[in-house]
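Okay, so here's the structure we're looking at.
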Amino acid sequence: MLVPSSGTGQYAALSAKIIRFVRHGCTNRPFFHIVVAERRREQFEPVIEQVGSYDPMPNERNEKLVSLNLERIAYWLGNGADCTKPVQELLGLSGFLPIHPLSYMAAWKNRQAAEAAVVEEKPEGDHK
Amino acid sequence: MSVFRHFSRKLVLNTFKSDIKLQINTHCSVCLRFLSYQPIHYDGKPDPGPVFIKKEVQTLLRTLTRVDLAKVFKKRRFGETQLQQPVYKFMTDEQLQEAYEEAKKKVDTFLQIPPVVAVRKPKDKVLSKDPALQGLDTSAFVFTDISYGVRDSERMILVRETDGTLREADWETRDRINQLYFPVAQRQIQTPKMFQDSNLEDLLKRGEYNFILDRACLQFDPNDPLYQKIVSITYQCVNDNNHFNELRSTRHFGSFVFFLAWNKLIDNLLLDIIESEHIEEAKALVELYSHIHQVKYESKENLQQIDEYIKNHASKKAALELAFQAYKNAAKRKGEVEEGIKRAHGLS
């Protein structure tokens, strides 16, 4: 039987829940649903509930679109659901949770890399 | 009567001509044609909403709309799609009367006047600034709260910029995102090309007022500055060309009249109404003007109120006075003829 990707609403009462991505979309075109699922389930098994979506490819205005059903996310977090790190990072950027340390680390690393690239370019420019 | 009409029309036309000449002198010739209409927004000083929503004002606007059932239920062009074939029936007189009553009930939904509200204020609230997030990503994140049961205008839509600022999305982004996640049927994510200045000008030249206004109603919120720009330009065009019959019996006539009254431009319409001898509407229009601008007329009688408006507030005094005098003469003569007929029949 086919199950809706928006979730079945069925779960074992005492199972551990987790809010995580499920990769939809196709080859070379990722698109993620943010779902509440039982932790022991595989990625493409039926989920409990979809609580958002994330499009990691920027649109023509250079925006990445994230939708979050904050009411349901708050409900599941209140019921002891866990979050994966990417979801925690998104929730942090949205201002719902504190910003995740990984975001700061990634930003810092990117800045370092950019500075290094600038330093590398400069000597070449001097030669010319 | 016809002589008077001719004269008054001539007068109005002449005043237009002088207007156009003035514009040629003052503006460059390129911006003369269409952009001679400046968009007029309801800037919220004072707020038109509470005045518009008043029961008396709504009744006046409805009176001025001059409902014509044949026009409300006329055939509409939907392109390829055909909705339903008409059904022809034989009916007795009572059944026909019932059918008319049914139709009259439906009119209200067809003639819902688009709301008149002040233009919205820009959204630029910054929630947090975090320079430590610079360089995290090369594109901005747009976060939308899709919780159930929240209105489009109240939905939380935030943007995390590349420099780490978290701020509220501006209105343009909000409209786009709302249409993306919660689509309104037939509304487009991008503004249709017909609303670009050059295309709009062409449409106005062809007199497609209803098409513009219907589409604008569908595409924009009434407090959108772009909506108010398009609509105000269309209204001014209709007013200047005296194409009032295009908008009569449509939902747009109410907000059109309100716009004219709000900006003190009702003289053309008043002239049109008096010339076509709909004196009830002329009274309603003058009353609407008094409601909006808190003008108190000294006389209680309606005809005298119109006279008073023409004397004290009208800008095209001469033409209006002429037309009103002509109406009064015609009405007097009509009364005399009726009296004569009655006398001839021995009724008085």
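The values are calculated or read from the model by the stated rules, or taken from the named source; none is laboratory data. In this text the structure is predicted, and so the values were computed from the model without any measurement. Counting neighbours? That spans all protein chains shown, and the Cβs are built from the backbone with ideal geometry, glycine included. Note: accessible area is taken over every heavy atom of the protein model, side chains too, but ligands, DNA and RNA are not part of it. Shrake-Rupley method; radii C 1.70, N 1.55, O 1.52, S 1.80 Å.
Can you spot the aspartates and glutamates whose alpha carbon is less than 17 Å from A:K64's alpha carbon? Ignore those fewer than 8 places along the same chain.
A:D55, A:E89, B:D137, B:D145, B:E161, B:D163, B:E168, B:D170, B:E172, B:D175
What GluC sites (Glu not before Pro) does the stretch A:1-70 have in DSSP loop regions with at most 16 other beta carbons within 10 Å?
Details: sites: A:E38, A:E42, A:E49, A:E60, A:E63; in loops: A:E42, A:E60.
In loop regions of the stretch A:1-70 (DSSP not H, G, I, E or B), the sparsely surrounded GluC sites (Glu not before Pro) are A:E42, A:E60.
Could you run the Karplus curve 6.51 cos²θ - 1.76 cosθ + 1.60 with θ = phi - 60° over the stretch A:14-28 and give me ³J(HN,Hα) per residue in whole Hz, x for Gly and Pro?
3J(HN,Hα) across the stretch A:14-28, in whole Hz: 9, 6, 7, 9, 9, 9, 8, 7, 10, 7, 9, x, 9, 4, 6.
Amide H of B:T165: which non-local residues (sequence gap of 5 or more, or other chain) have their own amide H closer than 5 Å, using H built in the peptide plane?
Hits under the 5 Å cutoff: B:D130.
Would you list which lysines come within 18 Å of B:K121, measuring only between C-alpha atoms, while excluding same-chain residues fewer than 8 positions from it?
Qualifying lysines at Cα under 18 Å: B:K45, B:K229.
Using only Cα atoms, tell me the angle between helix B:317-344 and the longest principal axis of chain B; keep it within 0 to 90° and round to the nearest 10.
40 degrees
Please report how far the C-alpha centroid of the stretch B:193-220 lies from that of the stretch B:273-330, rounded to the nearest whole angstrom.
Answer, in whole Å: 32.
Given the rule -39500 (n - 2.57) for each run of at least 4 DSSP H residues, summed and divided by the residues of chain B, what is its mean residue ellipticity at 222 nm, to the nearest 500 deg cm²/dmol?
On the way: 15 runs with 191 residues, N = 348.
So the calculated ellipticity at 222 nm is -17500 deg cm²/dmol.
Cα axis of helix B:279-293 to longest principal axis of chain B: angle in degrees, 0 to 90, nearest 10?
So the helix axis and the longest Cα principal axis differ by about 40 degrees.
In whole percent, how big is the carbon plus sulfur part of the accessible area of the protein assembly as shown, probe 1.4 Å, protein atoms only?
On the way: 15550 of 28920 Å².
C and S fraction of accessible area: 54 percent.
Mind checking which of B:I146, B:I113, B:I306 has the largest fluctuation in a GNM of chain B, springs on alpha carbons under 10 Å?
Result: B:I146 has the largest fluctuation of those listed.
Residue by residue through the stretch B:36-41, what is 3J(HN,Hα) from phi via Karplus (6.51 cos²θ - 1.76 cosθ + 1.60, θ = phi - 60°)? Round to whole Hz and write x for glycine and proline.
After applying 6.51 cos²θ - 1.76 cosθ + 1.60, I find 5, 8, 8, x, 10, 9 Hz.
Please report the relative contact order for chain B, taking Cα pairs under 8 Å with a sequence separation of at least 6, and give it as a percent rounded to a whole number. Could you put the intermediate results ahead of the total?
Numbers: 327 pairs, mean separation 83.1, N = 348.
Here the relative contact order equals 24 percent.
Before rounding to the nearest 500, sum -39500 (n - 2.57) across all DSSP H runs of length at least 4 in chain A and divide by the residue total; then give [θ] at 222 nm in deg cm²/dmol. Working shown, then result.
Numbers: 3 runs with 45 residues, N = 128.
Only helices count here, giving -11500 deg cm²/dmol.
Take the Cβ-Cβ distance between B:Q325 and B:Q85 as r, set R0 to 51 Å, and report the resulting FRET efficiency rounded to the nearest 0.05.
Values: r = 52 Å, r/R0 = 1.02.
The formula returns an efficiency of 0.45 here.
Below 23 Å, Cα to Cα, which lysines can B:K105 reach? Residues fewer than 8 away in the same chain don't count.
Filter leaves B:K54, B:K55, B:K71, B:K74, B:K75, B:K89.
Most fluctuating residue of A:P101, A:P58, A:P30 in a GNM of chain A with Cα springs under 10 Å: which is it?
It is A:P58.
Chain pair B, A: how much accessible area is buried, both chains summed, with a 1.4 Å probe, in Å² to 100?
Values: alone 22240 and 9040 Å², together 28920 Å².
Adding both sides of the contact gives about 2400 Å².
Please calculate how many Å² of accessible area the protein assembly as shown carries per residue, with a 1.4 Å probe and no DNA, RNA or ligand atoms counted.
Values: 28920 Å² over 476 residues.
Accessible area per residue: 61 Å².
Given H placed 1.01 Å from N in the peptide plane, which residues other than close sequence neighbours of B:M156 have an amide H under 5 Å from its amide H?
The answer is B:D145.
Under 10 Å, Cα contacts only: if you run a Gaussian network model on chain B, which one of B:E201, B:E80, B:E280 comes out with the highest mean-square fluctuation?
Per the Cα network of chain B with a 10 Å cutoff, B:E80 tops the list.
Going by alpha carbons, how many degrees (0 to 90, nearest 10) lie between the helix axis of B:2-26 and the longest principal axis of chain B?
So the inclination is approximately 30 degrees.
If you take every DSSP beta bridge fully contained in the protein assembly as shown, what fraction is antiparallel? Give it as a percent rounded to 5. Present the calculation step by step, with values, prior to reporting the outcome.
Working: 29 of 37 bridges.
Around 80 percent antiparallel, to the nearest 5.
Just to confirm the filter: which trypsin sites (Lys or Arg not before Pro) across the stretch B:59-163 are DSSP coil and have at most 14 other Cβ within 10 angstrom of their Cβ? Working shown, then result.
Working: sites: B:R62, B:R66, B:K71, B:K74, B:K75, B:R76, B:R77, B:K89, B:K104, B:K105, B:K106, B:R120, B:K123, B:K125, B:K129, B:R151, B:R155, B:R160; in loops: B:R66, B:K74, B:K75, B:R76, B:R77, B:K89, B:R120, B:K123, B:K125, B:R151, B:R155.
Passing sites in the stretch B:59-163 are B:K74, B:K75, B:R76, B:R77, B:K89, B:K123, B:K125, B:R151.
Do any residues of the stretch A:54-80 lose at least 30 Å² of accessible area when the full set of protein chains is present rather than just their chain alone, and if so which, with a 1.4 Å probe?
The answer is A:R61, A:N62, A:E63, A:K64, A:L65, A:V66, A:S67, A:L68, A:N69, A:L70, A:E71.
Only bridges with both residues in the stretch A:17-123 count here: give the DSSP antiparallel percent, nearest 5. Display every interim value, and only then the final one.
Numbers: 19 of 21 bridges.
So the antiparallel bridges amount to about 90 percent of the total.
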